[in-house]
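The values are calculated or read from the model by the stated rules, or taken from the named source; none is laboratory data. Everything numeric in this text was worked out from a predicted model, so none of it was measured. Positions of Cβ are generated from backbone atoms using ideal geometry, with glycine treated the same way; all protein chains shown enter the neighbour counts. Only protein heavy atoms, including side chains, enter the accessible area calculation; ligands, DNA and RNA are left aside. Shrake-Rupley method; radii C 1.70, N 1.55, O 1.52, S 1.80 Å.
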Amino acid sequence: MKIQEILSLVNRPGRYIGGEKNAWNKSWEEASTRVCCIFPDLYEIGMSHQGLLILYDLINRTSGLLADRCYCPDTDLEALLASHNLPLYGLETSKPLNEFDILAITLPYELCYTNIFTILSLSNIPFYAKDRLQQSWPLILGGGSCCLNPEPVAELFDAIVIGDGEEAVPEIAHAVNSAKEEGISKKELLKRLSRIHGVYVPLHFEPVYKNDGKFCGVKARDGQVEKVSRRILADLSPNYQISRPLVPNIRIVHDRLGIEIARGCTRGCRYCQATTIYRPVRERSVEEILESALKGIEATGWEEVSLLSLSTGDYSAIGQLIPRVMDQFVPMNCSVSLPSLRVGTLTPEIMDEIKRVRKTGITLAPEAGSERLRQAINKGITEEALLETVRQAFARGWKNVKLYFMIGLPGETDEDLHELVELVKKVRAQARLVKGFKGSVQVTASIGTFVPKPQTPFQWEGQIPVEESRRRLDIIKDGLRAKAYKVKWHDPRQSFLEGVFSRGDRRLCRLLETAWRLGARLDAWTDNLKPELYHEAARELGINLSDYLAPIPEEAPLFWDHIDSGIKKPFLRLESKRAREGKYTPDCRYESCQGCGVCDFETIKNVLKAKESQESKRAFKRQQPGESKRESFFYLVEYEKLFSARFLGHLDLTRLFHRAVRRAKIPVAYSKGFHPMPKIAFENPISLGMESMCEKFTMELENHMSPGLLRQQLEAQMTLGIKIKDVSITSKKEQLLPRPKQDFVVLVPGLERTEAEKRLADFWTREQFHIQIKRKKGLVDLDLRVKVASFELLEEGHDGGDEISKWMLEVKKEISSRGKVGLRLRLDQSAPPLVKPSEVIGAVLALDEKTMKLCRILKV
């Protein structure tokens, strides 16, 4: 079976087809080094990950290098690929992963670790680096936020980038190319890679244990350096911005244009690993951000731009940036989101700007319910400041507030949990203090279990067990039972596994493999989580998982001591002590240096843009979209949706056209309100998996365009198998009603012609042919003899038209089955209910579910 057939059998096939707008398609033959950037989770998560997209774009902009992409398949595609012995492949090149020179795998969170085994298995690549020392295997390269303790998966990787990858990854690619040209051994290549700043080669280090299993430390082999230092990008050069943002085929988790405005945070929250991973703070200028955002929206057609940072509100020129961004994009019907704002930075002025776009809700992260605990974790948020922020939001019309908390923080008591409940109630009560406030308020408390992370002041702390997490959650849920409150929580079983692998050692690699062989997959998705498989694997290997969650003595060696984050251990010890004493450590952006050890104050230092941006002025007049009355012009667009485009559902196709219209700068009219939508109306949608030569939609424009120019500009933005066939002027009142007669050409694989003739003959001999079809209101009885105007076999070698001939020739190449029966079907849809051609074909030809999914149906 071929891959195009297999995709007909899986859920959300649009994940696996590639062909996104702005995807790179460099020549495989002309590239000296070929890299596949891999995200070990589903497409909709990976396509939202900035780090992978930055490297994909950067590598492709480098002469001689080629980058492709791959995401972990869902379990349905994994099973089908394995059963048909088909390899996992790059989306752009369609090449098997084992043909690339480098597989660059991002490690974004611990619960994706088993997915690495899925990817390597489907690529027929040995799991362990020691088994890949022959030059023929790709270099397996790791990177990402989990690399501050990569030990649980270290044995899977040939090399791991610690820290920022923008400079290191191209250096690694060039080293691999030199090794190919010189014909040196894999061992020699690894030695060369270990000399690149920030590159960790696990085979060069060996963990040491006593006879009783007690960990003694990590020893460097063969005279290698004792520690690997984090690679830190000194400045966010414009060269490291994404030049060609990808537009996803399907809806993704963060379905918007992401613009990194700053990297790093020095707030110093003691539970937070990100403040270690990304120090120091490096900001982009207001002008760079505006230019990048405008180019990105023009290149993608996205409806929203998101200003990304660990704490967007801490951007030093936020007061200058937000008004200018809003003035630029609000008139373009493009919303602006600030996903990471903290109390103290969400000022009334910023709220006034945000509410120009929409008021869906505000999100704040007090993290702890009591003042005492917030001081201990160095959050720097007072209760009064939080309540004042909420009051200001309610006064400006917000009615939904989401609060993030953690349970299990060091030193937490039940009293702190009761204070958390009271704080949530106080937040809701602020609405009553706002003069003239009307309506009800919804407050959501989102609760997660604290996980002690490596390279943080809390790395020595213990993690509470699953049952204790549930007990503390019950206290909160019992206190917030009223309808005005919602309590959501992260599954404590996931937090347990996250804690194990966050502070784990190399012994866990075999456990991960064992759990994967038992069936562990996609553990970050609650529906897929099977923690019992990890406990079964632990019993099989004689490992006590709870040991990894116990407190660690400060003098004990740590599994990650050979990884130098830049923050010195004495500083972490001091911060741990200050937490116990309830002392606050100020932010070095605004106070003196606190001595963490990251900066050398020459090349590595905080880079703030406030002074550069003080003179920047508003460039655009404030106005809401649609203020002025305009004349309207209406157009009918006819298009075809063939081949890979059949894997796009109707909503995904709608978004594709909306974004294409924006990229083409077509003056489409928009609806009013805080979420304006382009005035485009589609014909009754066809089913996922169907193809069509005759789809239509109408669109309303604010300015006149010649139909020929409109077609030309829209056609230039099409991707996959979508083609604009015709554009004509139409009337405002014209509606796209279902056509009374609909013709289809059908290709059925695996069905013999004689059998098809027999089943068609049986259908036409009956006076009635009743089936039951599922609709929203339940089952509907339908007589197909009333609905089917004609249904006949195509003559062999004849298909009824040149365009259809071309389609059938291409489709037959994609079908592996020898038997391919062609039919023509005409439906009478003049009276309700409408019937799908697949329902007719399946019933009349008595096809099973799998064969039905493999059928190719073309609306002509």
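Quick rundown of the values:
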{"quantity": "Near-label residues of the range 742-771 by backbone N, under 17 Å of a point 7 Å along Cα→Cβ of Lys812", "calculated": "745-754"}
{"quantity": "Ranked by how many other beta carbons lie within 10 Å on average, peptides 6-14, 482-490 from highest", "calculated": "6-14, 482-490"}
{"quantity": "Helical mean residue ellipticity (222 nm; -39500 (n - 2.57) per DSSP H run of 4+; nearest 500) of the chain", "calculated": "-9000 deg cm²/dmol"}
{"quantity": "Rounded FRET efficiency, nearest 0.05, which uses the C-beta distance separating Val780 from Arg481 and R0 of 25 Å", "calculated": "0.05"}
{"quantity": "Those lysines that a straight Cα-Cα span of less than 16 Å connects to Lys435, excepting residues fewer than 8 apart in one chain", "calculated": "Lys399"}
{"quantity": "Over the chain: Kirkwood hydrodynamic radius from C-alpha pairwise inverse distances, Å", "calculated": "30.0 Å"}
{"quantity": "Cβ charges +1 (Lys, Arg) and -1 (Asp, Glu), total dipole of the chain, debye", "calculated": "2320 debye"}
{"quantity": "Probe 1.4 Å, protein heavy atoms only - accessible area per residue of the chain in square angstrom", "calculated": "42 Å²"}
{"quantity": "Those aspartates and glutamates that a straight Cα-Cα span of less than 16 Å connects to Lys2, excepting residues fewer than 8 apart in one chain", "calculated": "Asp76, Glu78, Glu810, Glu814"}
{"quantity": "Cross-link table Lys186/Lys813; Lys426/Lys568; Lys425/Lys583, entries beyond 32 Å C-alpha to C-alpha", "calculated": "Lys186/Lys813; Lys426/Lys568"}
{"quantity": "Links that overshoot a 32 Å alpha carbon limit, given the list Lys453/Lys605; Lys295/Lys641; Lys732/Lys850; Lys438/Lys732; Lys295/Lys672", "calculated": "Lys732/Lys850; Lys438/Lys732"}
{"quantity": "Calculated FRET value between His197 and Met705, using beta carbons and R₀ = 45 Å, to 0.05", "calculated": "0.25"}
{"quantity": "Length released on extending from Cys694 to Lys2, taking residue separation times 0.36 nm less the Cα-Cα span", "calculated": "246.4 nm"}
{"quantity": "Residue-span extension gain [Arg826 to Ala82] - 0.36 nm each, minus C-alpha spacing", "calculated": "264.0 nm"}
{"quantity": "Estimated dipole of the range 398-465 in Debye, rounded to 20 [Cβ of Lys and Arg +1, of Asp and Glu -1, Cα centre]", "calculated": "800 debye"}
{"quantity": "Whole-percent carbon and sulfur share, accessible surface of the chain, 1.4 Å", "calculated": "50 percent"}
{"quantity": "Selection from Val466, Val786, Ser292 lying farthest towards where the dipole of the chain points positive, charges on Cβ", "calculated": "Val786"}
{"quantity": "Other-chain or far-sequence residues with amide H under 5 Å of Leu139's (modelled H)", "calculated": "Ile102, Leu103"}
{"quantity": "Loop-located trypsin sites (Lys or Arg not before Pro) in the range 302-401 whose Cβ has at most 16 other Cβ within 10 Å (DSSP)", "calculated": "Lys355, Arg358, Lys359, Arg396"}
{"quantity": "Residues with amide H under 5 Å from that of Met677, placed H, sequence gap 5 or more", "calculated": "Ser671"}
{"quantity": "Mean shadow area of the range 308-390, taken as a quarter of the surface of its Cα convex hull (nm²)", "calculated": "5.6 nm²"}
{"quantity": "Nearest-ten-degree value, helix 650-663 long axis tilted from longest Cα axis of the chain", "calculated": "80 degrees"}
{"quantity": "The chain - share of DSSP beta bridges that are antiparallel (%, nearest 5)", "calculated": "55 percent"}
{"quantity": "Hypothetical label at Lys227: residues of the range 561-602 whose amide nitrogen lies under 13 Å (7 Å Cα-Cβ projection)", "calculated": "561-573, 596-599"}
{"quantity": "Rg to Rh, two decimals, where the range 542-604 supplies the alpha carbon set and Rh follows Kirkwood", "calculated": "1.07"}
{"quantity": "Contour minus Cα-Cα distance for Asp235 and Glu181 (0.36 nm per residue)", "calculated": "16.2 nm"}
{"quantity": "Interchain or long-range residues, amide H under 5 Å from Val668's placed H", "calculated": "Glu702"}
{"quantity": "Ordering of 146-153, 217-224 by packing [mean C-beta count within 10 Å, highest first]", "calculated": "146-153, 217-224"}
{"quantity": "Trypsin sites (Lys or Arg not before Pro) within the range 810-849: DSSP coil, no more than 11 neighbouring Cβ in 10 Å", "calculated": "Arg818"}
{"quantity": "The range 823-831 - phi-based ³J(HN,Hα) in whole Hz, Karplus 6.51/-1.76/1.60, Gly and Pro as x", "calculated": "9, 10, 10, 10, 10, 9, 10, 5, 10"}
{"quantity": "Acute angle (nearest 10 degrees) that the helix 507-518 long axis makes with the longest principal axis of the chain, alpha-carbon atoms", "calculated": "20 degrees"}
{"quantity": "³J(HN,Hα), Karplus 6.51/-1.76/1.60, whole Hz, each residue of the range 393-410, x for Gly, Pro", "calculated": "5, 4, 5, 9, x, 5, 10, 10, 10, 10, 10, 9, 9, 10, 10, x, 4, x"}
{"quantity": "Kirkwood-based shape ratio for the range 238-351, expressed as Rg/Rh from alpha carbons", "calculated": "0.96"}
{"quantity": "Sites Asn25 and Thr382, calculated FRET efficiency, Cβ-Cβ separation with R0 45 Å, nearest 0.05", "calculated": "0.25"}
{"quantity": "Derived scalar couplings ³J(HN,Hα) [the range 331-338; Karplus, 6.51 cos²θ - 1.76 cosθ + 1.60; whole Hz; x for Gly, Pro]", "calculated": "x, 8, 6, 10, 7, 10, 10, 10"}
{"quantity": "Over the range 700-741: Kirkwood hydrodynamic radius from C-alpha pairwise inverse distances, Å", "calculated": "12.4 Å"}
{"quantity": "Helix 318-329 axis, angle to the chain major axis (alpha carbon atoms, nearest 10°)", "calculated": "10 degrees"}
{"quantity": "Eligible aspartates and glutamates near Lys488 by straight Cα distance, threshold 12 Å, same-chain separation 8 or greater", "calculated": "Asp474"}
{"quantity": "Between the range 680-722 and the range 821-860, the Cα center-to-center distance that results, in Å", "calculated": "25 Å"}
